[in-house]
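Read through the structure below, which is laid out as structure tokens, and then see the notes.
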């Protein structure tokens, strides 16, 4: 497991892990922005702060497979 992680990290640092790094960064930024927006909007409601953080994190985690469904690695 550690060997696989180390190999992936070396490829990432060399720039050879992703076929289109711009696409990956753009899609990740979209999902993170939507998750942050959801957390901020929910934190304005008069509820405990742990609820907006949990809901926003869960929504962001559920969005990632959808926004990265066309993602390709080398």
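The numbers here are math on the coordinates, done by the rules we state, and not lab data. In this text the structure is predicted, and so the values were computed from the model without any measurement. Every residue, glycine as well, gets a Cβ built from its backbone with ideal geometry; the counts of neighbours run over all protein chains shown.
Per-residue Cβ neighbour counts within 10 Å put 32, 50 in the sequence 50, 32, beginning with the fewest.
Is the shape of the stretch 1-44 best called rounded, prolate or oblate, per the rule: a/c under 1.5 gives rounded, else a/b larger than b/c gives prolate, else oblate, with a ≥ b ≥ c the square roots of the Cα gyration tensor eigenvalues? Oblate, since a/c reaches 1.5 and b/c is not below a/b.
Return the calculated 222 nm mean residue ellipticity for the chain, to the nearest 500 deg cm²/dmol, obtained by summing -39500 (n - 2.57) across DSSP H runs with n ≥ 4 and dividing by the residue count. -24500 deg cm²/dmol, from helical runs alone. Label 7 Å along Cα→Cβ of residue 30; the stretch 38-62 residues with amide nitrogen under 18 Å? Within reach of a label on residue 30: 38, 59-62. The C-alpha atoms of the chain define a longest principal axis, and helix 21-43 lies at about 10 degrees to it.
As a proxy for reagent exposure, ranking 43, 33 by other Cβ atoms within 10 Å from fewest up yields 33, 43. Spacing of the modelled spin labels on residue 14 and residue 69, each 7 Å from Cα toward Cβ, amounts to 3.3 nm. Taking other Cβ atoms within 10 Å as a rough exposure proxy, 40, 67, 55 sort from fewest to most as 40, 55, 67.
Taking Cα extents along the principal axes in Å as calculated from this structure, the corresponding entry among (i) 47, 26, 17; (ii) 38, 26, 24; (iii) 41, 23, 20 is (i).
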